[in-house]
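The values are calculated or read from the model by the stated rules, or taken from the named source; none is laboratory data. In this text, all values refer to a predicted model and were calculated from it rather than measured experimentally. Here Cβ is always computed from backbone atoms with ideal geometry, including for glycine, and neighbour counts include all displayed protein chains.
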Amino acid sequence: MHYLNREERREMILNVAKQLALNEGFNAMTVRRIATEANVSTGQVHHHFASSSHLKAEVFVQLMDQLNAIENEVVTTTWYERISLLLGCENIEQVQPYLRLWNEAEVLIQQDEEIKKAYNITMERWHQMIVSLIEKGLAQNEFKILTTTNCQDVAWRLIAFVCGLEGIFQLGSKGLTEDMFKQHTEMMIRLELFNNV
């Protein structure tokens, strides 16, 4: 029988927790459930993670990194298409569990300081990716924005728009379908990156 070393056991616990998070959300991630699924004691989970909040936060950051890797595999031909993808305009089936988890984390930031920190980390990373794409589009003359506007501000406005629109969409407001979400988001991207001169 092969005994796992400390890092292998920690990684195994993380992998089980990630799968639970994707399949059932944060509520399924109890220490007892993770320990049972990983075939370890609850003490082992506590040994590797300071608290269930720390474990959830680490799982969240790692899963958002996985989401970025999935999106990076999607082929796009323009910087506009890449930004549209990162802002949720493409309905990719395999990213839906990640987006559900993102929405769940957004609710939990009011109750859990560790989730809030993890959410901020992932938000900053998302922002930096959008900034980088805008800069690349500007360098290749695909985009034209006001010289008084900087890429950082444009990226934050696009993210804020998408997060707000997603909140309205989650409420089930009449008339806001997935197609309308995409249409409104693409219009905002065009306003910010093409028509802002």
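In the stretch 111-130, the residues that are assigned by TED's automatic domain parsing to the domain that holds N72 and surrounded by 16 or more Cβ atoms within 10 Å (Cβ to Cβ) form Cβ pairs under 8 Å with partners that are at pLDDT below 95 and of a type in the set (D, E), at six or more places apart or across chains, as follows: Y119/E106.
Looking at the stretch 28-43, is at least one residue within 22 Å of the chain's Cα centre (by Cα) and outside any helix (DSSP H, G or I)? First the steps, then the outcome.
Of the stretch 28-43, the ones within 22 Å of the chain's Cα centre (by Cα) are 28-30.
Adding the requirement that they be outside any helix (DSSP H, G or I) leaves 29-30.
Checking the stretch 28-43: at least one residue is within 22 Å of the chain's Cα centre (by Cα) and outside any helix (DSSP H, G or I).
Taking Q62 as the residue in question, decide whether it is surrounded by fewer than 19 Cβ atoms within 10 Å (Cβ to Cβ), in contact with a helix residue (DSSP H, G or I) (Cβ under 7 Å, 6 or more places away or on another chain) and either outside the structural domain of S132 (by TED's automatic domain parsing) or not hydrophobic (A, V, I, L, M, F, W, C) (or both).
Spelling it out, Q62 is indeed surrounded by fewer than 19 Cβ atoms within 10 Å (Cβ to Cβ), in contact with a helix residue (DSSP H, G or I) (Cβ under 7 Å, 6 or more places away or on another chain) and either outside the structural domain of S132 (by TED's automatic domain parsing) or not hydrophobic (A, V, I, L, M, F, W, C) (or both).
Looking at L87, is it surrounded by fewer than 19 Cβ atoms within 10 Å (Cβ to Cβ), touching a residue at least 40 places away in the same chain (Cβ under 8 Å) and not charged (D, E, K, R)? Spelling it out, it is not the case that L87 is surrounded by fewer than 19 Cβ atoms within 10 Å (Cβ to Cβ), touching a residue at least 40 places away in the same chain (Cβ under 8 Å) and not charged (D, E, K, R).
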